[in-house]
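Asker: Mind looking over this structure? Questions follow.
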Amino acid sequence: MLKPAEPTPVTHLPECPRPREELLTALRSLSGGDADWRRGRVFSLVYDAGDAHLALLKQAHALYFCENGLNPMAFQSLKRMEAEVVRMAANLLHGGPDAVGTMTSGGTESLLMAVKAARDRARKHKPWIRRPELVMPDSAHVGFDKAAHYFGVKIRRACLGPDFRVDVRSMKRLINRNTVLLVGSAPQYPHGVVDAIEEIGALGLAKGIPVHVDACVGGFLLPFVEQLGRPVPRWDFRVPGVTSISADLHKYGYAAKGASVILYRSMDYLKHQFFVATDWPGGIYASPSMPGTRPGGPIAAAWAGLQALGVDGYRALTQSALHSADRLREGIARIDGLALLGLPHCTIVTWGAAAKSHGGAVDVYAVADQMEQRGWHVDRQQRPACVHLTVMAQHAAVVDDYLGDLAESVRVVRAHPELRSKGNAAMYGMMAKVPLRFMVGSAVRQVLEGMYAPGGGAPDLKKPPVGGVVGALLERHGEKVQRALDLVDDARRQVKDTVGRYL
């Protein structure tokens with residue numbers, strides 16, 4: 001089937017209004033090359049609870065399409081819906097009667113707010129802190145890096161244990177008089193494991209430091225995993241010391257984009273999230289979170305979506321996702337050359353190359369390239385090289401297809417080892433292993449500059465998407481550089497393992 005021709009790029013406002021049907025046809029054409037989430041070929045980005053639920057979300061969103069949550073006095077219905085969404089989430093996570101929070105535009109904003117609130121709280125209660133720091137696992141979401149960058153907070157990273165959970169002893173050693181926040185994940189995104197939140201909470205209590213749990217993935221999943229009888233480490237407000245939790249409504253809450261909640265144990269923490277300005281000629285201005293204008297559609301869709309599914313609906317979706325994740329784990333474990341990473345705490349499945357295999361080593365990124373050629377959207381990860389799958393109920397119908405294509409991809413890569421030095425496999429392999437990370441950052445910035453320059457767009461994946469020194473090395477000495485970086489990577493791993501045994 002031929003891909004429909006893309007519409008001509010639009011660079012100026014048309015002199016006359018374009019016909020509506022023409023515009024809708026152009027929109028459909030533009031989406032022709034997007035990731036195919038409707039057929040379950042994507043294991044991230046879009047969370048689908050079925051056509052009927054999607055139709056409800058669209059209707060609820062449309063009813064509040066024009067309303068603006070900026071002014072809760074003008075649109076009191078939105079403030080009521082937000083309060084009820086926060087209350088439902090807080091009760092689900094055992095927040096107690098004093099728990100409070102706000103909705104945000106997504107997980108990143110929720111993390112931004114958690115860091116901002118911790119910084120400002122420290123300014124009030126520990127005014128001697130001039131250079132605030134947070135301590136977090138090396139696996140914590142990059143949204144914390146963005147928050148630290150925006151708000152002038154230094155990050156201290158704790159190492160992970162063999163099971164990819166944070167080493168709490170490492171966290172303890174990193175705490176100092178400037179620490180304003182401790183972070184744990186439930187689960188962390190790369191490998192789907194729940195950090196030792198009870199230990200982190202106890203550490204926070206002992207040191208008098210707030211503890212944030214990033215449950216953007218697990219907030220509307222883990223409670224139902226637990227209800228279904230699966231063992232889940234304790235992680236929510238039942239843990240003494242946990243002072244805030246972020247949970248995304250538009251992930252396993254199956255709400256419309258973008259919707260998340262940031263919850264606090266009490267107003268003692270939330271009040272430091274607010275922004276108030278009193279001297280602007282336009283009047284007194286106050287906002288509870290980052291944006292000024294707050295679209296009403298996501299709030300209304302979340303309010304409707306939570307109630308439309310209810311406990312029974314979420315439990316059924318979680319059961320289906322767990323079953324699909326179990327089938328994927330079982331199937332991947334049977335493929336020689338691959339190995340599962342992490343612990344089966346939830347519905348995230350991560351696979352990488354096995355340390356030992358009968359047929360020889362397998363290059364993960366080359367396998368990922370083969371999977372993309374078979375129509376799968378692949379989320380590649382690094383340190384170690386692996387592939388991430390966020391498994392949902394919608395994937396029940398494609399598990400066998402995925403496993404079949406994965407086994408065939410491994411066979412092709414084994415038969416053609418030169419594939420590791422071609423295409424995206426070479427680029428991702430090199431980018432993951434270059435020890436001077438500023439070189440990688442420079443290359444990525446060049447990609448961004450190209451995408452957002454005049455006339456820019458999505459990068460052409462048929463060409464090497466890196467430039468500068470990295471791109472030149474890749475183009476001229478790809479295989480030699482790969483072998484050298486493999487040696488460096490092995491040496492670095494051995495040093496890390498050796499040091500870890502003595503700490």
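Asker: Given the criterion in contact with a Phe, Trp or Tyr (Cβ under 8 Å, 6 or more places away or on another chain) and within 18 Å of residue 138 (Cα to Cα), identify the matching residue among 215, 196.
Answerer: From the options 215, 196, the qualifying one is 215.
Asker: Can you tell me which residue within region 152-166, out of those that are surrounded by 21 or more Cβ atoms within 10 Å (Cβ to Cβ) and β-branched (Val, Ile, Thr), is farthest from the chain's Cα centre (by Cα)?
Answerer: 153
Asker: Picking from 404, 375, which residue would you name as being modelled with pLDDT of 90 or more and part of a loop (DSSP other than H, G, I, E, B)?
Answerer: 375
Asker: Tell me which of these residue 373 doesn't satisfy, since it passes every other one: (1) over 24 Å from residue 37 (Cα atoms); (2) of a type outside the set (Asp, Glu); (3) surrounded by fewer than 19 Cβ atoms within 10 Å (Cβ to Cβ).
Answerer: (1)
Asker: Sticking with this structure for a sec: Please state which of the following conditions residue 62 fails to meet, knowing it meets all the rest: (1) more than 30 Å from residue 241 (Cα to Cα); (2) more than 29 Å from the chain's Cα centre (by Cα).
Answerer: Unmet condition: (2).
Asker: A follow-up question, please. Of everything in region 346-365 that's touching a Lys or Arg at 6+ places or on another chain (Cβ under 8 Å) and in contact (Cβ under 8 Å) with a residue 60 or more places away in the chain, which residue is nearest to residue 187 (Cα to Cα)?
Answerer: Selected residue: 349.
Asker: Related question: Please go through region 276-291 and pick out each residue that is surrounded by 12 or more Cβ atoms within 10 Å (Cβ to Cβ) and in a loop (DSSP other than H, G, I, E, B).
Answerer: Residues satisfying the conditions are 288, 289, 290, 291.
Asker: If I ask for residues that are among the hydroxyl-bearing types (Ser, Thr, Tyr), closer than 27 Å to residue 234 by Cβ and either part of a loop (DSSP other than H, G, I, E, B) or in the same structural domain as residue 192 (by TED's automatic domain parsing) (or both), which ones from region 337-372 would you list?
Answerer: Across region 337-372, the qualifying residue is only 347.
Asker: Also, I was wondering about something else. With the structure loaded, tell me whether residue 9 is over 20 Å from residue 310 (Cβ atoms), at pLDDT 90 or above and over 21 Å from the mean Cα position of the chain (by Cα) or whether it fails that test.
Answerer: no
Asker: State which residue pairs qualify: first residue farther than 25 Å from residue 250 by Cα and acidic (Asp, Glu) and inside region 369-390, second residue crowded, with 20+ Cβ neighbours inside 10 Å and at pLDDT 95 or above in any location, beta carbons under 9 Å apart, and separation of 6 or more residues or different chains.
Answerer: From residues that are farther than 25 Å from residue 250 by Cα and acidic (Asp, Glu), the pairs are 369/409.
Asker: Here's a follow-up. Can you name the residue in region 5-42 that is closer than 24 Å to residue 377 by Cα and among the aliphatic types (A, V, I, L, M) and, of all such residues, is surrounded by the most Cβ atoms within 10 Å (Cβ to Cβ)?
Answerer: Per the criteria, the residue is 42.
Asker: Kindly provide the set of residues from region 220-253 that are in a loop (DSSP other than H, G, I, E, B) and of a type in the set (A, V, I, L, M), ordered by number.
Answerer: Once the filter is applied, which keeps residues that are in a loop (DSSP other than H, G, I, E, B) and of a type in the set (A, V, I, L, M), region 220-253 yields 221, 228, 232, 239, 249.
Asker: Among the residues of region 47-83, which ones are modelled with pLDDT of 90 or more, surrounded by 15 or more Cβ atoms within 10 Å (Cβ to Cβ) and of a type in the set (D, E, K, R)?
Answerer: 79, 82
Asker: From the set of residues in region 254-266 that are part of a loop (DSSP other than H, G, I, E, B), touching a His at 6+ places or on another chain (Cβ under 9 Å) and of a type in the set (Gly, Ala, Ser), which is nearest to residue 96 (Cα to Cα)?
Answerer: The qualifying residue nearest to residue 96 (Cα to Cα) is 259.
For (1) over 28 Å from residue 292 (Cβ atoms); (2) among the aromatic types (Phe, Trp, Tyr); (3) in contact with a strand residue (DSSP E or B) (Cβ under 7 Å, 6 or more places away or on another chain), each residue gets a yes or a no:
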site: 20; (1), (2), (3): yes, no, no
site: 24; (1), (2), (3): yes, no, no
site: 31; (1), (2), (3): yes, no, no
site: 39; (1), (2), (3): yes, no, no
site: 43; (1), (2), (3): yes, yes, yes
site: 46; (1), (2), (3): no, no, no
site: 49; (1), (2), (3): yes, no, no
site: 55; (1), (2), (3): yes, no, no
site: 72; (1), (2), (3): no, no, no
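Asker: Being hydroxyl-bearing (Ser, Thr, Tyr) and in a helix (DSSP H, G or I) is the filter; apply it to region 93-126 and report the residue that is surrounded by the most Cβ atoms within 10 Å (Cβ to Cβ).
Answerer: By that ranking, first place goes to 110.
Asker: Another question, if that's okay. Find the residue count for region 167-188, including only residues that are assigned to a loop (DSSP other than H, G, I, E, B), surrounded by 19 or more Cβ atoms within 10 Å (Cβ to Cβ) and either of a type in the set (S, T, N, Q) or in the same structural domain as residue 390 (by TED's automatic domain parsing) (or both).
Answerer: The qualifying residues number 1.
Asker: Only residues that are surrounded by fewer than 20 Cβ atoms within 10 Å (Cβ to Cβ), touching a residue at least 24 places away in the same chain (Cβ under 8 Å) and not in a helix (DSSP H, G or I): list them for region 134-151, please.
Answerer: 138
Asker: If we keep just the residues of region 332-354 that are surrounded by fewer than 18 Cβ atoms within 10 Å (Cβ to Cβ) and more than 24 Å from the chain's Cα centre (by Cα), which is nearest to residue 411 (Cα to Cα)?
Answerer: Only one residue tops the list, namely 336.
Asker: Does residue 308 fit the bill of being surrounded by 23 or more Cβ atoms within 10 Å (Cβ to Cβ), in contact (Cβ under 8 Å) with a residue 12 or more places away in the chain, among the aliphatic types (A, V, I, L, M) and assigned to a helix (DSSP H, G or I)?
Answerer: Criteria not met by residue 308.
The values are calculated or read from the model by the stated rules, or taken from the named source; none is laboratory data. All values reported here derive from a predicted model rather than from experimental measurement. FYI the Cβ positions are ideal-geometry reconstructions off the backbone, even for glycines, and counts take in every protein chain you see.
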